[in-house]
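What follows is a single structure, written as structure tokens, with notes after it.
The values are calculated or read from the model by the stated rules, or taken from the named source; none is laboratory data. The model shown is predicted, which means the values in this text are computed figures rather than measured ones. For neighbour counting, all protein chains shown are included, and Cβ atoms are generated from backbone atoms with ideal geometry for every residue, glycine included.
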């Protein structure tokens, strides 16, 4: 039995290394090619099921040798690689229909958790490593699912952008020890019926003052999640 487990373990290590390298390479490609086509942003998401695949395939190793459950932690690292890559190319847009967005993200997260629960039957789910890796996986899957839904909603959007104008009600710089953010409070407009705070680039922030006009480009969204951007400088 030990020889068989060692053989499976060595095979799993090789496969995990290949998957990690493939995820890193394709993520770099996606970051480099995103400027040419936004569809490249979808490429890294193809690795989202990897933790479930590795858990299902190498569950036997974890059952017989709990100290070998590197399978879980290393496969979760792939989710981290995807998240880092997507955060590098994610563009600033503002969502108006939060409820629909949360529903789609919740569905994706629910599917992942249900399959993870099914494939982890028989494992010691109370072990510290399992609990920590599960918590990390939930956080990373939620973040990646959010970005995936946002990209699909944007890429599938065939509506023509509608241009509106509003004015700045207030401007603030929020700063802590690690970061600084620039925020504008926009007065209500056709689809933004309440005062709304948006985080913008420093360049855009410096160009606007209280009562300055701001152009808003409204989109209906391919998944019905309405969103908008500000002047092009907002993402610079």
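Looking at the stretch 158-176, can you tell me whether even one residue there is without any contact (Cβ under 8 Å) to a residue 60 or more places away in the chain, on the phi < 0 side of the Ramachandran plot, part of a loop (DSSP other than H, G, I, E, B) and out of contact with any strand residue (DSSP E or B) (no Cβ under 7 Å at 6 or more places or on another chain)? Yes, the stretch 158-176 contains a residue that is without any contact (Cβ under 8 Å) to a residue 60 or more places away in the chain, on the phi < 0 side of the Ramachandran plot, part of a loop (DSSP other than H, G, I, E, B) and out of contact with any strand residue (DSSP E or B) (no Cβ under 7 Å at 6 or more places or on another chain).
Exactly one residue among 120, 159, 133, 179 is closer than 26 Å to residue 203 by Cβ and modelled with pLDDT under 90, and that residue is 179. Among the numbered criteria (1) more than 24 Å from residue 10 (Cβ to Cβ); (2) under 17 Å from the mean Cα position of the chain (by Cα); (3) modelled with pLDDT of 90 or more, which single criterion is violated by residue 81? Of (1) more than 24 Å from residue 10 (Cβ to Cβ); (2) under 17 Å from the mean Cα position of the chain (by Cα); (3) modelled with pLDDT of 90 or more, only one is false for residue 81: (1). Kindly evaluate residue 75 against the criterion of being surrounded by fewer than 15 Cβ atoms within 10 Å (Cβ to Cβ) and modelled with pLDDT under 90. So residue 75 fails the test. Residue check: residue 186 meets all listed conditions (1) without any contact (Cβ under 8 Å) to a residue 60 or more places away in the chain; (2) touching a helix residue (DSSP H, G or I) at 6+ places or on another chain (Cβ under 6 Å) but one, namely (2).
Being surrounded by fewer than 17 Cβ atoms within 10 Å (Cβ to Cβ), outside the structural domain of residue 60 (by TED's automatic domain parsing) and in contact with a strand residue (DSSP E or B) (Cβ under 7 Å, 6 or more places away or on another chain): is that true of residue 180 here? Yes.
Are any of the residues in the stretch 191-208 over 21 Å from residue 56 (Cβ atoms), part of a helix (DSSP H, G or I) and in the same structural domain as residue 100 (by TED's automatic domain parsing)? No; the residues of the stretch 191-208 include none that is over 21 Å from residue 56 (Cβ atoms), part of a helix (DSSP H, G or I) and in the same structural domain as residue 100 (by TED's automatic domain parsing).
Would the stretch 212-227 turn up any residue that is part of a strand (DSSP E or B), within 28 Å of residue 82 (Cβ to Cβ) and not assigned by TED's automatic domain parsing to the domain that holds residue 113? So far as the stretch 212-227 goes, yes, one or more of its residues are part of a strand (DSSP E or B), within 28 Å of residue 82 (Cβ to Cβ) and not assigned by TED's automatic domain parsing to the domain that holds residue 113.
Among the residues of the stretch 29-42, those that are within 16 Å of the chain's Cα centre (by Cα) and assigned to a helix (DSSP H, G or I) comprise 30, 31, 38, 39, 40, 41, 42.
Residues that are closer than 23 Å to residue 216 by Cβ and either without any contact (Cβ under 8 Å) to a residue 24 or more places away in the chain or within 24 Å of the chain's Cα centre (by Cα) (or both) do occur in the stretch 130-146.
Restricting the stretch 216-232 to residues that are surrounded by 14 or more Cβ atoms within 10 Å (Cβ to Cβ) and over 17 Å from residue 159 (Cβ atoms), the residue that is modelled with the lowest pLDDT is 231. Is it the case, given these coordinates, that residue 175 is under 29 Å from the mean Cα position of the chain (by Cα), within 12 Å of residue 215 (Cα to Cα) and loosely packed, with under 15 Cβ neighbours inside 10 Å? So residue 175 does not fit the description; no.
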